[in-house]
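Remarks on the structure that follows.
The values are calculated or read from the model by the stated rules, or taken from the named source; none is laboratory data. All values reported here derive from a predicted model rather than from experimental measurement. Heads up, the Cβs are rebuilt from the backbone with ideal geometry, glycines too, and the neighbour counts pull from every protein chain shown. These accessible areas exclude ligands, DNA and RNA; they are computed on the full protein's heavy atoms, side chains included. Shrake-Rupley method; radii C 1.70, N 1.55, O 1.52, S 1.80 Å.
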4 protein chains.
Amino acid sequence: MNTLGRLFRVSILGESHGECIGVLLDGVPAGLSLSAQDFLPDLERRKGGTKGTTPRKEEDAPLIKSGVFNGKTTGAPLLVLIENKDMDSSAYEKLKDTPRPGHADLVAKLKYGGFNDYRGGGHFSGRLTAALVIAGVVAKKMMAAAKIKAEANVVEIGGAKDAKGMERAIDEAVKNQDSAGGIVECRVNGLPVGLGEPFFDSAESLLSHAIFSIPAVKGVEFGAGFASARMKGSECNDAIVDAKGRTATNNAGGINGGITNGNELVLRVAVKPTASIGKEGGTVNLRTGKQEGIVVSGRHDACIALRVPVVLEAVVAIVLADLMLIEQKIGRVNTR
Amino acid sequence: MNTLGRLFRVSILGESHGECIGVLLDGVPAGLSLSAQDFLPDLERRKGGTKGTTPRKEEDAPLIKSGVFNGKTTGAPLLVLIENKDMDSSAYEKLKDTPRPGHADLVAKLKYGGFNDYRGGGHFSGRLTAALVIAGVVAKKMMAAAKIKAEANVVEIGGAKDAKGMERAIDEAVKNQDSAGGIVECRVNGLPVGLGEPFFDSAESLLSHAIFSIPAVKGVEFGAGFASARMKGSECNDAIVDAKGRTATNNAGGINGGITNGNELVLRVAVKPTASIGKEGGTVNLRTGKQEGIVVSGRHDACIALRVPVVLEAVVAIVLADLMLIEQKIGRVNTR
Amino acid sequence: MNTLGRLFRVSILGESHGECIGVLLDGVPAGLSLSAQDFLPDLERRKGGTKGTTPRKEEDAPLIKSGVFNGKTTGAPLLVLIENKDMDSSAYEKLKDTPRPGHADLVAKLKYGGFNDYRGGGHFSGRLTAALVIAGVVAKKMMAAAKIKAEANVVEIGGAKDAKGMERAIDEAVKNQDSAGGIVECRVNGLPVGLGEPFFDSAESLLSHAIFSIPAVKGVEFGAGFASARMKGSECNDAIVDAKGRTATNNAGGINGGITNGNELVLRVAVKPTASIGKEGGTVNLRTGKQEGIVVSGRHDACIALRVPVVLEAVVAIVLADLMLIEQKIGRVNTR
Amino acid sequence: MNTLGRLFRVSILGESHGECIGVLLDGVPAGLSLSAQDFLPDLERRKGGTKGTTPRKEEDAPLIKSGVFNGKTTGAPLLVLIENKDMDSSAYEKLKDTPRPGHADLVAKLKYGGFNDYRGGGHFSGRLTAALVIAGVVAKKMMAAAKIKAEANVVEIGGAKDAKGMERAIDEAVKNQDSAGGIVECRVNGLPVGLGEPFFDSAESLLSHAIFSIPAVKGVEFGAGFASARMKGSECNDAIVDAKGRTATNNAGGINGGITNGNELVLRVAVKPTASIGKEGGTVNLRTGKQEGIVVSGRHDACIALRVPVVLEAVVAIVLADLMLIEQKIGRVNTR
């Protein structure tokens, strides 16, 4: 459903063109300093605004509705909302019967019997990643108490891995009213040995579970990932160099047997190109049943991957914070 | 932990060199025909025995211990065990203090304070995938009642995608006492629209969660996956061709917005090369604290990917069967 | 934690003297008619206002923040908030160091390291039962679609079971600045056979789990309940009178072996007397460590049991609605 | 379903006349000493054998199938089975079409479409409480590490609270081929303040959830329980006597606001009289649809409440051990 986690639990809610989006956090340790201002830097990072991201100005003013008292978390459920403002839903009326290819418009209509809020993708909107970012800020605070830091970066756009090539891919996408995909990498340092379980709750299982909730992600790999499928065992095995488990190489990406091994956690995600493009795509008119061409007008991200890093950091931090609580590496009350 | 699923729940147990391995299934619909024989074909497929897989003869005689009466499932918890026989654990004694690189030996020791059963990897052993296969057989029966079929195949070994190249990669690995990685693909036909949830329980989230519990998997991708990161939006978007959501291409791999769209489900997993190899690797002697060379003797799979397809089918079926129950596409009692 | 349910999931939030209280509902079927007005009758019932309940005028104006579009539920998470207004928290400052006996003041302080919002009981406040009532209204709509109705009534106050005796007990409590306990009974008609599981998720387990989240409840019994402990088997066994499971008597209260049997569900809860009273009680001053007398001033319910029926109906409906979804007696989309 | 707990998870399985009954435990801390012998004292207590309990000689030889190595728990899933022996199921064939009143025979048949194992109650059998007892032994070991002890006793039989009266009630039941109900009380000392959550996972919620999985329990109360409904607030409130939360009286039974307050935990359960009696009851013949008299032959417990204490201790310990892990009062590895 819309909830993730065992001891630190994140539930998201809201619609793109409804009253608000938001997140409910349960299991947050009491005693963490928290104010609405703390969310702004990461929300700002998510907004984009640079070349290749939408110029649409979302006003993301987070409101803490519960769970904080005198500037500290109380241990009670923490609700944060962002109210939606100045939405123009008129453009979506005409899309009601012509589902956008690459979007969830049609599956949403079919799954929910036509009762879904279709405006701007409704609950499926990428706008809900702002709720993930908010949860991530709290998770990062929990992790910071244990001196752990997650950092994500775009490492590839349109097949290019260098800055110039990435820029060229974006320029081309903008020029052609098209879009470009990309790859985002996240690294986490300072993790203890022992997070995760041997099978169903392996660290990779839990991380990928959370990561695939980010819209547009179509692949996840850890360490050498897909490249390891082309390696020999003698290349892929990481030589152990000390009794704490430090390894000479890190093809495992910090996880052995589903459990963190104390080395850097490294993962990469494939982000498909933005589905909303100015070029014509093919759809079906649900009234007539006939195929039609469709152009998604409005201002869109030429490369949504550019906005993914802060969201990826957030969901990674959410999962790891939960595991840190489970393994008793973070206390239930923040006493520092 | 070691449990997966919401209405159809799978828990695995056991150790490689303990008394048994097994699986406990909860929420199985009553009235499915089931006998121990039903498990044999898929267990046989998992065993390997062909070139590139271990010649070790595991006798996998599954015993149904509860949940079946008069040849039919009863709706009560279903326990199936495979007893371990003729194990020679002596080889593992010397490995106790020299953790094998690429294995979970050291993380297991550190996580469980040295109390873990280290023989043959203990609970972390690939042998537990037989338990997954057993659960998969039951899940496939549930799916078959809805005319849904999952099929997985090896599509790449050592970088080669054609049969000759794959064979060459295996031969080379065997010859060099080394191992080769590979890629396994799973396709599922007949799925209804609407399985999965918009965010945390997206179909991709739940599938990847289960898939990363398979040892040696280091990457998962859906549809075009990582290749979509190099596509343009105009290439990647799948044109919708009818009101049921059929699309002209299937870059989405059968999932939009986290929800199955009625097209073929397509996913691929990266399997790293077998960690146990006859070539020397580097480790640390935990008694002396000094680095040492290590050769893992015994008979191993030169390419563990060859044994993954039936396991991948199993976990995919497990997840989908649960979603089918949740969406009421399968009944709680099998009345056919 | 603060979440209940498997397919229909209820999470509550908020504090008595914070910004708001509220409830997040996940798994609500799409297509149910729902407006803020629908919550008012049950919220009104909860308020009391009659003799024996607090004259404090809570303005309970529920706001639907997500999950409803064009007057129907969408299938997406449904958030409903009630903003708190005109609170006077000054009275609670002096209670900060003198925890009220019979309340959670001290355990909250100890559990959350002193970071809890202590004003008016904070997150522990009985005011959060309004959030339960809101969830109950949605659950009742789900149940109504299956023609099932829950109804709760006060059946005993201060030991009296007749109207005059109850009134006398209340009058006496009011007069003496004291309070009275009571017993509330809930009956549900129209339930199908088969809700609940044999052991850990027995219908009694799930119902009592939810019921003990209502503040002041200290006992739960089903059917003959504690009286059955004084019965003989020949008296207690309910003779079965038809093949559908109808019974001549109903000492089982509608549940056999943890599973609804199609007869009327009958349960009773013991509600302790309101802890906040004008009579002096004993506490400890946390600054001085010395024992002190304490009088809880303000307007309180002389008999909180009077306000429990609608809350009890709500949690019972929440549990049963979830079970109805699990057993596929309610659809995921409301098509009526 | 058949699983309980969040970090310490208990799943039960098996049938009365099937191959075995058993329990799967997940999340058991590594490093606890454990052998099959450790289960025998509590299994012996459950067996009864004294006057008022069945003379049937169940051979309860528990077999540890996984999760223990060198006499210590490993942290991996722990499976314990008891194989069923010398069962005579012939008596149950004739009961197949005449469901026993007071039993789950008919609901089981209806819920599972007739596929349930009806012999001896199948999965619904009271015999499965042996599995609870086994789980309880492990939970008690976890609790003992924190110096916490649960102890349960029969405090009332057939309405009598003194030993002579209880004995008389049993004698009478035996003489009349009837049965007697009773009340069992459990007390736990040494609990820390802070176990449980304010609402849905209140300590009372979690405990009652587990307790109602014990067959024949029809009521649960904490502290003064139902008696508190007849108290005045000034009588019921427990005066706080020190800053740790010690109280002068214990009407709350050790729980305030859903959270343990550090005082003795006290709860009582109502156990209905054994449903299987030699006196005739009324049922329906499912073939003919006609009402019939039924006598349940065989050796039965005249007072099943006599066998409940060790089972009650077990489920209480299971819940508290889980909460101790969640609140980090017990470590993930037993280092003592």
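Considering the range A:93-121 alone, what residues qualify as being aromatic (Phe, Trp, Tyr) and more than 25 Å from the chain's Cα centre (by Cα)?
Listed by number, the list holds a single entry, A:PHE115.
Mind counting the residues in the range B:27-53 that are under 24 Å from B:SER205 (Cβ atoms) and either crowded, with 24+ Cβ neighbours inside 10 Å or modelled with pLDDT under 95 (or both)?
The number of residues fulfilling the criteria is 1.
Enumerate the pairs (first residue in the range B:317-336 and free of Cβ contacts under 8 Å to residues at least 12 places away in the same chain and surrounded by fewer than 24 Cβ atoms within 10 Å (Cβ to Cβ); second residue anywhere and small (Gly, Ala, Ser) and in a loop (DSSP other than H, G, I, E, B)) with beta-carbon separation below 8 Å, excluding pairs fewer than 6 apart on the same chain, so at least 6 apart or on different chains.
Once the first residue is free of Cβ contacts under 8 Å to residues at least 12 places away in the same chain and surrounded by fewer than 24 Cβ atoms within 10 Å (Cβ to Cβ) and sits in the range B:317-336, its partners that are small (Gly, Ala, Ser) and in a loop (DSSP other than H, G, I, E, B) give B:GLN328/C:GLY331.
Out of (1) in contact with a strand residue (DSSP E or B) (Cβ under 9 Å, 6 or more places away or on another chain); (2) closer than 28 Å to B:SER228 by Cβ, the odd one out for A:LYS65 is which?
It is condition (2) that A:LYS65 fails.
Can you find even one residue in the range D:244-254 that is among the basic types (Lys, Arg) and modelled with pLDDT under 95?
no
Which one of these does A:ILE277 not meet: (1) farther than 20 Å from B:ALA239 by Cα; (2) of a type in the set (Val, Ile, Thr); (3) touching a Ser or Thr at 6+ places or on another chain (Cβ under 6 Å)?
Only one criterion is unmet by A:ILE277, namely (1).
Quick check, is D:ASN263 open to solvent by 10 Å² or more (accessible area, probe 1.4 Å), touching a Ser or Thr at 6+ places or on another chain (Cβ under 9 Å) and within 22 Å of D:GLY5 (Cα to Cα)?
no
Per-residue answers, yes or no, for (1) within 12 Å of another protein chain (Cβ to nearest Cβ); (2) more than 23 Å from B:PRO192 (Cα to Cα); (3) without any contact (Cβ under 8 Å) to a residue 12 or more places away in the chain; (4) not polar (S, T, N, Q):
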position	(1), (2), (3), (4)
A:ASP60	no, yes, no, yes
A:PHE69	yes, yes, yes, yes
A:ASP97	yes, no, no, yes
A:ARG100	yes, no, no, yes
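Among the numbered conditions (1) open to solvent by less than 40 Å² (accessible area, probe 1.4 Å); (2) in contact (Cβ under 8 Å) with a residue 60 or more places away in the chain, tell me where C:PHE222 comes up short.
(2)
Determine which member of the set C:ARG246, C:ARG307, C:ARG299, C:ARG287 is basic (Lys, Arg) and either buried (at least 20 other Cβ atoms within 10 Å of the Cβ) or without any contact (Cβ under 8 Å) to a residue 12 or more places away in the chain (or both).
Criteria check complete, one pass: C:ARG307.
Check the range D:327-335 and report whether any residue there is within 9 Å of chain C (Cβ to nearest Cβ), assigned to a strand (DSSP E or B) and in contact with a Phe, Trp or Tyr (Cβ under 7 Å, 6 or more places away or on another chain). First the steps, then the outcome.
Our first condition is that a residue be within 9 Å of chain C (Cβ to nearest Cβ); within the range D:327-335, this holds for D:327.
Applying the additional criterion that residues be assigned to a strand (DSSP E or B) yields none.
Checking the range D:327-335: not a single residue is within 9 Å of chain C (Cβ to nearest Cβ), assigned to a strand (DSSP E or B) and in contact with a Phe, Trp or Tyr (Cβ under 7 Å, 6 or more places away or on another chain).
Since A:ARG9 meets every condition but one in (1) among the basic types (Lys, Arg); (2) under 18 Å from the mean Cα position of the chain (by Cα); (3) over 15 Å from A:ALA139 (Cβ atoms); (4) at pLDDT 95 or above, which condition does it not meet?
A:ARG9 satisfies every listed condition except (3).
Among the residues of the range D:176-210, write down those that are crowded, with 24+ Cβ neighbours inside 10 Å and β-branched (Val, Ile, Thr).
Within the range D:176-210, D:VAL184 is the sole residue that qualifies.
In the list D:GLY113, D:GLY122, which residue meets the criterion of being within 14 Å of another protein chain (Cβ to nearest Cβ) and open to solvent by less than 40 Å² (accessible area, probe 1.4 Å)?
Just one listed residue meets the conditions, D:GLY122.
Applying the selection to the range B:248-261, what residues are of a type outside the set (S, T, N, Q), more than 7 Å from every other protein chain (Cβ to nearest Cβ) and not in a loop (DSSP other than H, G, I, E, B)?
Hit for the range B:248-261 is B:ILE255, nothing else.
Can you pull out the helices (runs of 4 or more DSSP H) entirely within the range A:126-234 that have at least 1 residues that are within 21 Å of B:SER202 (Cα to Cα), of a type in the set (A, V, I, L, M, F, W, C) and more than 8 Å from chain B (Cβ to nearest Cβ)?
A:129-144, A:203-211
Given the criterion small (Gly, Ala, Ser) and free of Cβ contacts under 8 Å to residues at least 12 places away in the same chain, identify the matching residue among A:SER234, A:SER202.
A:SER234
Specify the residue that is farthest from D:GLU93 (Cα to Cα); the eligible residues are those in the range D:262-295 that are more than 9 Å from chain C (Cβ to nearest Cβ) and of a type in the set (Lys, Arg).
Of everything passing the filter in the range D:262-295, D:LYS290 is farthest from D:GLU93 (Cα to Cα).
Kindly establish whether C:ALA61 is farther than 29 Å from D:ALA248 by Cβ and among the aliphatic types (A, V, I, L, M).
The answer is yes for C:ALA61.
Can you pull out the residues in the range D:1-16 that are part of a loop (DSSP other than H, G, I, E, B) and open to solvent by 20 Å² or more (accessible area, probe 1.4 Å)?
Within the range D:1-16, D:GLY5, D:ARG6 qualify.
Name the residue that is surrounded by the most Cβ atoms within 10 Å (Cβ to Cβ), counting only residues in the range A:66-98 that are modelled with pLDDT of 95 or more and small (Gly, Ala, Ser).
If we take residues in the range A:66-98 being modelled with pLDDT of 95 or more and small (Gly, Ala, Ser), then A:ALA76 is surrounded by the most Cβ atoms within 10 Å (Cβ to Cβ).
Could you tell me how many of the residues in the range C:275-300 are in a loop (DSSP other than H, G, I, E, B) and closer than 24 Å to D:ALA224 by Cα?
Taking the range C:275-300 as the starting set, the residues that turn out to be in a loop (DSSP other than H, G, I, E, B) are C:275-280, C:285-290, C:295-300.
Imposing the further condition that a residue be closer than 24 Å to D:ALA224 by Cα reduces the set to C:275-280, C:295-296, C:300.
Here the count works out to 9.
Taking the range B:20-37 as the region of interest, how many residues are more than 9 Å from chain D (Cβ to nearest Cβ) and either in contact with a Leu (Cβ under 6 Å, 6 or more places away or on another chain) or without any contact (Cβ under 8 Å) to a residue 24 or more places away in the chain (or both)?
Number of matching residues: 3.
Go through the residues of the range C:291-307 one by one and say whether even a single one is over 30 Å from D:GLY282 (Cβ atoms), out of contact with any helix residue (DSSP H, G or I) (no Cβ under 8 Å at 6 or more places or on another chain) and of a type in the set (S, T, N, Q).
There is at least one residue in the range C:291-307 that is over 30 Å from D:GLY282 (Cβ atoms), out of contact with any helix residue (DSSP H, G or I) (no Cβ under 8 Å at 6 or more places or on another chain) and of a type in the set (S, T, N, Q).
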